[in-house]
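Undergrad: The structure's right below; bear with me while I get my questions together.
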Amino acid sequence: MNGLAHTIGKKIKLVRDQRGLTQAELARRCGKTVETVSNIERGKTLPGLLTLDRIAHNLGVPIQELVADHGNGVSDNGLGDYLEMVLRAVRRLPEEDLELVAGIIHLLNLRRRNAARG
């Protein structure tokens, strides 16, 4: 389980519970399946930037709140600020460019994983 995915998932569940929303309701509002929300909350899936933005919006919190360290032992190291900057840029892109951006991020993640394996 990815440490960041687990941290974000726990925070999403906490805020969702505080708002009195079910996984089904959050999923409906975000245009996702209940299974997707469940996997995110359990840290099995790290949500993409646009999904994270939708979740934050539908929970009524800034995206930084979902990625920041709140005493859970994981430092955000400014991650929330970078996410907001990237998100602002992504929102200005035409829809046809979003697939390209997602592909680039996927390739960067693969390269990082391969480098970690040695």
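Undergrad: Here's a check for you: in the range 87-118, which residue that is modelled with pLDDT of 80 or more and outside any helix (DSSP H, G or I) is farthest from residue 57 (Cα to Cα)?
TA: 94
Undergrad: Taking residue 61 as meeting all but one of (1) at pLDDT 80 or above; (2) over 19 Å from residue 26 (Cβ atoms); (3) outside any helix (DSSP H, G or I), write down the number of the exception.
TA: (2)
Undergrad: On to the next question. Given (1) within 18 Å of residue 91 (Cβ to Cβ); (2) crowded, with 19+ Cβ neighbours inside 10 Å; (3) free of Cβ contacts under 8 Å to residues at least 24 places away in the same chain; (4) not aliphatic (A, V, I, L, M), where does residue 23 come up short, assuming only one miss?
TA: Evaluating residue 23 over (1) within 18 Å of residue 91 (Cβ to Cβ); (2) crowded, with 19+ Cβ neighbours inside 10 Å; (3) free of Cβ contacts under 8 Å to residues at least 24 places away in the same chain; (4) not aliphatic (A, V, I, L, M) leaves (1) as the failure.
Undergrad: Tell me, which residue of the range 64-75 that is buried (at least 17 other Cβ atoms within 10 Å of the Cβ) and within 14 Å of the chain's Cα centre (by Cα) is modelled with the highest pLDDT?
TA: 66
The values are calculated or read from the model by the stated rules, or taken from the named source; none is laboratory data. Everything numeric here is computed off the predicted structure, so don't read it as measured data. Virtual Cβ from ideal backbone geometry, glycine too; neighbours counted across all protein chains shown.
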